[in-house]
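**Q** Mind having a look at this structure? Questions to follow.
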Amino acid sequence: MKKIALIALAYPADGLGREPGERWFDVMPPLWALALATYLRSAMPGVKVEIIDEQLLGRARFLQRLAAGRYELAGFSPVAYTYPAVLDCARLVKKNGAMVILGGHYAPALKNEILGARGPGSSDYCIDAIVRYDGEKPLHALVSGTPFSGVKNLVYPGPGGKIIENPVAPLDLAKLPPADYTLVSLEAYFRLQPAHSRGTLPFASQRGCKWAEGPGRCIFCSIQSTGGLRAIAPAAAALRMADLAKLGARYIFEGSDDFPADQAWLKEFASRAAGLKFPALRLFARASTLNQANVALLKAANARYVSVGVESMSDAVLRCVGKGASAALNRRAIALLLKAGILPKIHVILGLPGETRATFSAGFAEFKKMELPVESPEPVLLTSTFAVYPGTEAWRRLLAREPGYRGRDIVDEKVLFRAWLKHFSRLTEGDIDSARAALERLFAARVRVPGARRDKP
Ligand code: B12
Ligand code: SF4
């Protein structure tokens, strides 16, 4: 029987200078792996697919398991912070003869760099190929033994090391089987979740972003997607989410980029959800799509928390990053959510292009005017420093100024951030730290968070 491993890494505890154990999200089963494993199992019932998750095993047991495993194919979905550790794991499974495939959002953005440094023929050969965009059919084709040249969405080194990019085929989400959450032990994940959010499962009813496909794309957007905004039919999405309640889910972490982007979809979804026993939803929305009608629909669909990437409260900065929002829209979004009894989570990025002490002061004054909840079980403000991810417009701009970073497959976020500030911001790291501290003080004074866990993106 063929054995396939889909290997998920824990977000490193020291990532971004965080203190060990500090995280802004709950431990959840990796949705990319569930999606791929479900498809593979339904298309090839004879294949054994294991989802191996470092979050459950801890580093030592996780590495032991990989070292002992014999897999025909091993798949990883690195993000910028996990990529170096993914390479360590790839070397382990490659040693035991696995074909190693990467997918997700980081690897396709650096496909040439990764395959050049880690592909066949390199001195550190541990990666065979990279899948771009939807992975279900490409993975099935690979496991079936289709030669690389016949696998859609695949990027791989051809004869002489030349990187070959196969044609791309977006998937019809309606034709996918519902992700099978029983492929992993949900209890094991629930046990690692804090009491107030225990029973959280991830779900994604949509892929792609309407804003990115249409008038603009945020300059920090690293999401690799093709085929425009696609969604599971609203009735099916509602039923599948309700089914998760039967598996013990009390909350759903909905990973779509802008859940209310398609109002007709949302209307149908909300009317179906209203008739079902429905877990509480945590979701993401753009400020510009959070109008009165959409917020009412979200409330009807049992939305509890809505994350809004307000990023900045300076119109000048928002224009610079192509966000398609304004301080007024941000304020409106938060006010509408609060009025509907939905808790906002306000994501702010520090170190954006165009930011100066003056824009920060103006933005800070706007934050002061913003309506906020008096109390929330979780932190409402989530600040982060600007991450220049490969594949973004910001990355392209930085490389134009710092050609020395070109060609590398491993990026050091702190180094990039410093270089970014040097070229694109008039703020220093000290200014950023003070700005962050000032914002945190403002929110701490205005929003009571009983027994707050630390909560930063
Ligand atoms: C939901 C989500 C989370 C959830 C994950 C919940 C879960 N356990 O499933 C949580 C909150 C835990 C999370 C955490 C983090 N995330 Co996150 N996350 C997302 C989000 C919004 C959706 C991902 C998702 O589940 N989509 C649905 C699944 C089905 O689609 P998919 O992941 O794209 O996978 C498909 C294809 O890409 C492909 N594929 C993916 N992997 C592989 C692997 C193989 C082998 C193959 C063949 C195919 C394949 O096939 C899949 C099925 O078609 C994305 C942004 C986005 N819109 O995609 C960011 C995103 C992936 N996250 C990101 C980051 C940075 C993080 C964090 C570091 C936290 C942070 N600072 O934001 C941590 C890292 C966690 C870790 N250990 O890796 C970045 C990655 C950027 C980069 N270039 O590195 C993204 C792109 C968002 C962004 N900021 O731009 N995340
Ligand atoms: S970062 Fe901007 S462009 Fe990218 S998915 Fe989010 S809203 Fe869309």
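**Q** Could you tell me which of the residues PHE253, PHE190 is within 12 Å of ligand 1 (Cβ to nearest atom), of a type in the set (A, V, I, L, M, F, W, C) and surrounded by 17 or more Cβ atoms within 10 Å (Cβ to Cβ)? First the steps, then the outcome.
**A** Values: PHE190 fails: within 12 Å of ligand 1 (Cβ to nearest atom).
It is PHE253.
**Q** Name the single residue, out of those in region 280-294 being near ligand 2 (Cβ under 10 Å from one of its atoms) and not in a helix (DSSP H, G or I), that is nearest to CYS218 (Cα to Cα).
**A** ARG286
**Q** Of everything in region 343-369, what is crowded, with 21+ Cβ neighbours inside 10 Å and either among the small types (Gly, Ala, Ser) or more than 30 Å from VAL415 (Cα to Cα) (or both)? Give them in sequence order.
**A** The answer is PRO344, GLY351, GLY363.
**Q** Ok, one more. Please indicate, with yes or no, whether at least one residue in region 7-16 is of a type in the set (Asp, Glu) and under 27 Å from ASP180 (Cβ atoms).
**A** Step one: of region 7-16, the residues of a type in the set (Asp, Glu) are 14.
Those left that are additionally under 27 Å from ASP180 (Cβ atoms): none.
No, every residue in region 7-16 fails to be of a type in the set (Asp, Glu) and under 27 Å from ASP180 (Cβ atoms).
**Q** Any idea how many residues of region 31-61 are within 18 Å of LEU102 (Cβ to Cβ) and over 20 Å from the mean Cα position of the chain (by Cα)? Full working, then the answer.
**A** Residues of region 31-61 that are within 18 Å of LEU102 (Cβ to Cβ), as a first pass: 31-37, 39-40, 49-54.
Next cut, over 20 Å from the mean Cα position of the chain (by Cα) only: 39-40, 49-50.
Residues that pass the stated criteria total 4.
**Q** What number of residues within region 299-318 satisfy the criterion of being more than 14 Å from ligand 2 (Cβ to nearest atom) and either of a type outside the set (A, V, I, L, M) or not assigned by TED's automatic domain parsing to the domain that holds ALA274 (or both)?
**A** Here the count works out to 6.
**Q** Only one of (1) surrounded by fewer than 19 Cβ atoms within 10 Å (Cβ to Cβ); (2) in contact (Cβ under 8 Å) with a residue 24 or more places away in the chain; (3) out of contact with any Leu (no Cβ under 8 Å at 6 or more places or on another chain) fails for ARG282. Which number is that?
**A** For ARG282, the failing item is (1).
**Q** Here is a further query. Residues in region 370-384 that are of a type in the set (S, T, N, Q) and crowded, with 22+ Cβ neighbours inside 10 Å: how many?
**A** The initial filter retains those residues of region 370-384 that are of a type in the set (S, T, N, Q), namely 376, 383-384.
Keeping just the survivors that are crowded, with 22+ Cβ neighbours inside 10 Å gives none.
The total comes to 0.
**Q** With SER376, SER384 as the choices, which residue is in contact with a strand residue (DSSP E or B) (Cβ under 8 Å, 6 or more places away or on another chain) and under 30 Å from ASN112 (Cβ atoms)? First the steps, then the outcome.
**A** Numbers: SER376 fails: under 30 Å from ASN112 (Cβ atoms).
Result of the check over SER376, SER384: SER384.
**Q** For the subset of region 400-412 comprising residues that are surrounded by fewer than 18 Cβ atoms within 10 Å (Cβ to Cβ) and touching a helix residue (DSSP H, G or I) at 6+ places or on another chain (Cβ under 8 Å), which member is farthest from LEU442 (Cα to Cα)? I'd like the intermediate steps shown before the answer.
**A** Initially, region 400-412 is screened for residues surrounded by fewer than 18 Cβ atoms within 10 Å (Cβ to Cβ), giving 400-408, 410, 412.
Adding the requirement that they be touching a helix residue (DSSP H, G or I) at 6+ places or on another chain (Cβ under 8 Å) leaves 401-402, 405-408, 410.
Details: ARG401: 36, GLU402: 36, TYR405: 37, ARG406: 40, GLY407: 42, ARG408: 40, ILE410: 37 Å.
Filtering region 400-412 for residues that are surrounded by fewer than 18 Cβ atoms within 10 Å (Cβ to Cβ) and touching a helix residue (DSSP H, G or I) at 6+ places or on another chain (Cβ under 8 Å), the one farthest from LEU442 (Cα to Cα) comes out as GLY407.
**Q** When only residues in region 193-244 that are touching a residue at least 40 places away in the same chain (Cβ under 8 Å), among the charged types (D, E, K, R) and under 19 Å from ALA287 (Cα atoms) count, which is nearest to ligand 1 (Cβ to nearest atom)?
**A** Only one residue tops the list, namely ARG207.
**Q** Okay, moving on. Determine, yes or no, whether PHE220 is among the hydrophobic types (A, V, I, L, M, F, W, C) and within 16 Å of ligand 2 (Cβ to nearest atom).
**A** Details: among the hydrophobic types (A, V, I, L, M, F, W, C): yes; within 16 Å of ligand 2 (Cβ to nearest atom): yes.
Yes.
**Q** Applying the selection to region 105-140, what residues are within 13 Å of ligand 1 (Cβ to nearest atom) and in contact with a helix residue (DSSP H, G or I) (Cβ under 7 Å, 6 or more places away or on another chain)?
**A** If the condition is that a residue be within 13 Å of ligand 1 (Cβ to nearest atom) and in contact with a helix residue (DSSP H, G or I) (Cβ under 7 Å, 6 or more places away or on another chain), then TYR106, ALA107, ILE114, ILE127, ALA129, ILE130, VAL131, ARG132, GLY135, GLU136, LEU139, HIS140 are the ones that fit.
**Q** Residues ALA303, ALA287, ALA387, ALA296: which one is touching a residue at least 12 places away in the same chain (Cβ under 8 Å) and surrounded by fewer than 19 Cβ atoms within 10 Å (Cβ to Cβ)? Steps first, answer last, please.
**A** Details: ALA303 fails: surrounded by fewer than 19 Cβ atoms within 10 Å (Cβ to Cβ); ALA287 fails: surrounded by fewer than 19 Cβ atoms within 10 Å (Cβ to Cβ); ALA387 fails: surrounded by fewer than 19 Cβ atoms within 10 Å (Cβ to Cβ).
Answer to the selection: ALA296.
**Q** Tell me the residue from THR392, THR356, THR385 that is of a type in the set (S, T, N, Q) and at pLDDT 95 or above, please. Reasoning before the result, please.
**A** Numbers: THR356 fails: at pLDDT 95 or above; THR385 fails: at pLDDT 95 or above.
Just a single option satisfies the conditions, and that option is THR392.
**Q** Any idea how many residues of region 313-358 are among the basic types (Lys, Arg), in contact with a helix residue (DSSP H, G or I) (Cβ under 9 Å, 6 or more places away or on another chain) and either within 16 Å of ligand 1 (Cβ to nearest atom) or over 19 Å from LEU381 (Cα atoms) (or both)?
**A** Within region 313-358, the first condition is being among the basic types (Lys, Arg), and the residues that meet it are 319, 323, 331-332, 339, 345, 357.
So of that shortlist, the ones also in contact with a helix residue (DSSP H, G or I) (Cβ under 9 Å, 6 or more places away or on another chain) come out as 323, 331-332, 339, 357.
Next, only the ones that are either within 16 Å of ligand 1 (Cβ to nearest atom) or over 19 Å from LEU381 (Cα atoms) (or both) stay: 323, 357.
Qualifying residue count, region 313-358: 2.
**Q** Right, something else. Assigned by TED's automatic domain parsing to the domain that holds VAL79, at pLDDT below 95 and aliphatic (A, V, I, L, M) - does that describe any residue in region 19-38? So that I can check it myself, show each step before the final result.
**A** Narrowing region 19-38 to residues assigned by TED's automatic domain parsing to the domain that holds VAL79: 19-38.
Adding the requirement that they be at pLDDT below 95 leaves 19-27.
So of that shortlist, the ones also aliphatic (A, V, I, L, M) come out as 27.
Within region 19-38, one or more residues are assigned by TED's automatic domain parsing to the domain that holds VAL79, at pLDDT below 95 and aliphatic (A, V, I, L, M).
**Q** Related question: Looking at (1) closer than 16 Å to ARG332 by Cα; (2) of a type in the set (A, V, I, L, M); (3) touching a strand residue (DSSP E or B) at 6+ places or on another chain (Cβ under 7 Å), find the lone condition where MET313 falls short.
**A** Answer for MET313: the failing condition is (3).
The values are calculated or read from the model by the stated rules, or taken from the named source; none is laboratory data. Bear in mind that the values here come from a model prediction, so they are computed numbers and not experimental data. No Cβ is skipped: glycine too gets one built from the backbone with ideal geometry, and neighbour counts run over all protein chains shown.
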